[in-house]
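Computed from the coordinates by the stated procedures, all read-outs in this text should not be read as laboratory data. All figures in this text were calculated on a predicted structure; none of them were measured in a lab. Here the Cβ is made from the backbone with ideal geometry for all residues, glycine too, and neighbour counts use every protein chain on show.
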Amino acid sequence: MHWLFLALALGALVLAVTTTQAWLLLCSLLAAVALLLLWLKGLYAARVGGRLQAPPPALHPAEQDALRAQLRARTSSSHSPSLSEERSPP
């Protein structure tokens, strides 16, 4: 469907090149720019829009447990006091 906007934009551009009236030239150039922007928007939606709306795949319970274990290991190692913290001056 978005390719129709490109065809119409090219038609408006051809009309702008072939016309001898200034007001028709201005209107057809504005229409060509607007239709070109609509074509670009449709092209973007066709290429990227489908990927952005897909939900992320669910994790298997075993993968969730492994991630939780990694998180616990990281938090326990970051909360353990180091030697420099124990010897801080009073």
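With no solvent and one equal point scatterer placed on each C-alpha of the stretch 1-49, evaluate the Debye formula and give log10 I(q)/I(0) for q = 0.15, 0.16, 0.19, 0.33 Å⁻¹, two decimals.
-0.40, -0.44, -0.56, -1.08
Just to be sure I understand the model, the point goes 7 Å from the Cα along the line to the Cβ. What's the resulting VAL14 to ARG72 distance in nm?
So the label points at VAL14 and ARG72 sit 7.1 nm apart.
Assuming 0.36 nm per residue, please report the length gained on full extension of the stretch LEU4 to ALA58 beyond their Cα-Cα distance.
Roughly 15.6 nm would be gained on extension.
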